[in-house]
Amino acid sequence: MMPEQILAEVTTFVPGRRVDDNVQILLRYPNGARGALWASQVAPGQDNALRLRVFGENGALDWRQEEPNCLIWSPLGEAPRLIRRGTAAMNSSGQRVSRIPPGHPEGYLEAFATIYTEIAACIMARRTGSSIDPAVTFPTIEDGFAGVAMVDAALRSSAAGGLWMATAR
């Protein structure tokens, strides 16, 4: 789901750097959900540290790129549970796109291979007149537009001194 409003601060901390090296963003979604993003090239000790956390009324999910085979699921009122890639704990969608046997890290490069494979499956189905497997999924041009619209809204917000900006729809 695309946020409807963004408030951002985009900063360049390193003198002489030609690109921004830190951004903090607050997000407002149409359904009332809220979010936050932080991306930085000036966080000492964080080689990459891509981390996704989702908190909802039924619990939370936590994933870290440095440990790409593990997802921590914390159902509300229960102990956190570790879901490992390649195990029965994964749902069928995750199992379908898993490329490497359990015990070997799967991550960045494999993600692109999966996207290309999904696109190729769709192209082949259309060329042969076959039905497209509903499980096939990949980013669309609309997804790309939404990403660019978010960046644009973040830059406009920061340039305006950190005001809430609508994202394009």
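Only the coordinates and a few stated rules stand behind these numbers; no lab work does. Since the model is a prediction, treat every value here as computed from it, not as a measurement. Every residue, glycine among them, receives a Cβ derived from its backbone with ideal geometry; neighbour counts consider all protein chains shown.
Summary table below
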quantity: Where the Cα pairs of the chain fall when distances are cut into 5 Å bins, in %; calculated: 1, 7, 11, 14, 16, 17, 16, 10, 5, 2, 0, 0
quantity: The range 49-97, relative contact order [Cα under 8 Å, separation at least 6], %; calculated: 23 percent
quantity: Interchain or long-range residues, amide H under 5 Å from MET165's placed H; calculated: ILE6, LEU7
quantity: Neighbourhood charge, 12 Å Cβ-Cβ cut-off, centred on THR117 and excluding it, Lys, Arg +1 and Asp, Glu -1; calculated: -1
quantity: Net charge of Cβ neighbours under 13 Å - reference ALA39; Lys, Arg +1; Asp, Glu -1; calculated: -2
quantity: Cα-centred dipole magnitude for the range 5-166, charges only on beta-carbon of K, R (+1) and D, E (-1), debye, nearest 20; calculated: 140 debye
quantity: For the range 16-27, Karplus couplings with θ = phi - 60° (6.51, -1.76, 1.60), whole Hz, Gly/Pro x; calculated: x, 5, 8, 10, 5, 10, 7, 9, 10, 9, 9, 10
quantity: Mean residue ellipticity (222 nm) of the chain, computed from DSSP H runs ≥ 4 via -39,500 (n - 2.57), nearest 500; calculated: -9000 deg cm²/dmol
